[in-house]
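Derivation of every value follows stated rules applied to the coordinates shown; laboratory data play no part. Values in this document were obtained by computation on a predicted structure and should not be read as measured data. Counting neighbours? That spans all protein chains shown, and the Cβs are built from the backbone with ideal geometry, glycine included.
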Amino acid sequence: MGIFDYFSSSAESKRAEEVRKGAVAPDRSERKRCWEARDKFYGCLDKHNVIDSLNGDGKKTAERECAAENKQFEQDCAAAWVTYFKKFRVADYQKKKTFERLEKEGANKM
Amino acid sequence: MPLSFAPATTSKMLRSIVPKCQQQAAAAATRHCSSRRFLSTATAQTQSSCRPMTTASQRCLRSSPTSTYNNSAAYQRRYAHKTVEEAKSRYRTGPFSWKAGALFVLTGGGLVWYFEFEKQRMQRKRVAEATKGVGRPKVGGDFELTDQNGKPFSSADLKGRYSLVYFGFTHCPDICPEELDKMAQMFDLVQAERPGALVPVFVTCDPQRDDPATLKTYLSEFHPSFVGLTGTYEQIKDMCKAYRVYFSTPRDAKPGVDYLVDHSIYFYLMDPEGDFVEALGRQHSPDAAAKVILDHVKDWRGRIKQ
């Protein structure tokens, strides 16, 4: 049993490694796991009022407060995705802000 | 013409101007008129006994053709109002009745419905034909690619059916998988109503990493009917150019280097002749998108392959 566990777990970790490196595209369950890790990380950032976890004070706070979540996030997602999601959070926030500002200025919705 | 109350008024008028004999005759004629339904035979005698009397009997005779005797149905119809009051009330209400009202509402409602239906149809027709003809922006065109089974697949294979074309790549982090799930739902909805009228097509923008086998595994998670297309970088570039799709795949990415592709995220609905019809975006729910597609499919007058 033990030896099978060893083989299957090593196959699993090999696959996970390939996904992280971007050598293979993640399948549905891997995507789901990644999104869940992402949402937990986002949740932690929300708790500490961090939008940008890549630069400046946000990066420091995120490294200090959300290290565990970040580790899991990097574990479950492809490296390119981690960067993408972190940037996306900033872009999405700015988009929302812009919409709010435009709405306040009385812009017409198209 | 309500005749039933005419004898009553005429007899009153006559009484004041005609001699007595005639008055009798008039009264008899009146009786005759009003009691005609009993097919009285007594009137003939009254008339012959008093010759000068003509007006009342004539009036009566004019309105009593011989057919009255053998056609009681026609006679019944002419006396639609049984009493003077009924006739007067009918006169007061004029031509309006619940029947007239219902007819009016039905006709009006029908016209409004037909108008709206035609308006929407014309609008769809305009959208569909906006890209046909000369001097119009041309989206789509001929292509030669490879499908997920490694077989050649060209634009000719899409002719005869509507197709829904989506561009993406298998390493796509969040939007493509969501949109592909949506596309699968849309396809099922269309398929339920018009089986075989629509071909769902996924074209990769990342031919370097997405070979047919990768596409096959990837697409099988979404829908078994999806057609996945890949090719060389040049082929994909031409395809994207034809569909006016923006994509940012690096031309010579080194193996092992992970990258993401920025690309347009519209569904392109193409008609059976391969012409662009409409773009469906993130704002459409699967139901709304399926409705748009079905409406266009129903508008299509040509043949659609089954």
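When each pair of different Cα atoms in region B:144-299 is counted once in the 1/r mean, what is the Kirkwood radius in angstroms, to one decimal?
Working: mean 1/r = 0.0640 Å⁻¹.
Evaluated over region B:144-299, this radius sits at 15.6 Å.
Taking square-rooted eigenvalues a ≥ b ≥ c of the alpha carbon gyration tensor, is chain A rounded, prolate or oblate, where a/c under 1.5 means rounded and, failing that, a/b exceeding b/c means prolate? Walk me through the numbers on the way to the answer.
Details: a/c = 3.36, a/b = 2.12, b/c = 1.58.
Verdict is prolate for chain A.
Quick check on the exposure proxy: order A:Ser53, B:Ser264 from fewest to most C-beta atoms within 10 angstrom. Write down the numbers at each step before the final one.
On the way: A:Ser53 25, B:Ser264 17.
Least crowded to most crowded, the residues run B:Ser264, A:Ser53.
Once label points are set 7 Å from the Cα along Cα→Cβ at both A:Lys32 and B:Gln191, what is their separation, rounded to one decimal in nm?
2.1
Would you mind computing, in nm to one decimal, how far apart the modelled labels at A:Lys96 and B:Phe115 are, each placed 7 Å from Cα along Cα→Cβ?
Rounded to a tenth, the inter-label distance reads 4.5 nm.
Can you flag which of A:Lys14/B:Lys241; A:Lys32/B:Lys237; A:Lys60/A:Lys95; B:Lys138/B:Lys291 are past 28 Å Cα-Cα? Mind showing how you got there, number by number?
Numbers: A:Lys14/B:Lys241 38 Å; A:Lys32/B:Lys237 31 Å; A:Lys60/A:Lys95 24 Å; B:Lys138/B:Lys291 24 Å.
In this structure, A:Lys14/B:Lys241; A:Lys32/B:Lys237 exceed 28 Å between Cα atoms.
Need the list of lysines near B:Lys99 for cross-linking: C-alpha distance under 25 angstrom, and skip anything on the same chain fewer than eight residues off.
B:Lys82, B:Lys88
If I model a spin label at B:Arg244 and B:Met122 as a point 7 Å from the Cα along the Cα→Cβ vector, what separation in nanometres do I get?
So the label points at B:Arg244 and B:Met122 sit 2.5 nm apart.
Show which lysines lie in cross-link reach of B:Lys305 when reach means a straight Cα distance below 16 angstrom and same-chain residues fewer than eight apart are skipped.
Counting by Cα, and skipping residues close in sequence, B:Lys305 has these lysines nearby: B:Lys159.
What aspartates and glutamates sit close enough to A:Lys59 to cross-link, taking a C-alpha to C-alpha distance under 14 Å and skipping anything fewer than 8 places away on the same chain?
The reachable aspartates and glutamates, counting only those whose Cα sits under 14 Å from A:Lys59, are A:Asp46, A:Glu69.
Got a sec? Which residues in region A:50-93 would a label at A:Glu105 touch, if it sits 7 Å along Cα→Cβ and we count backbone N under 18 Å?
Answer for this model: A:93.
Taking beta carbons within 10 Å but only from partner chains, what does the mean come to for residues B:165-173? Numbers along the way, then the final one.
Numbers: counts 0, 0, 0, 0, 1, 4, 9, 5, 14.
Mean partner-chain Cβ count within 10 Å for B:165-173: 4.
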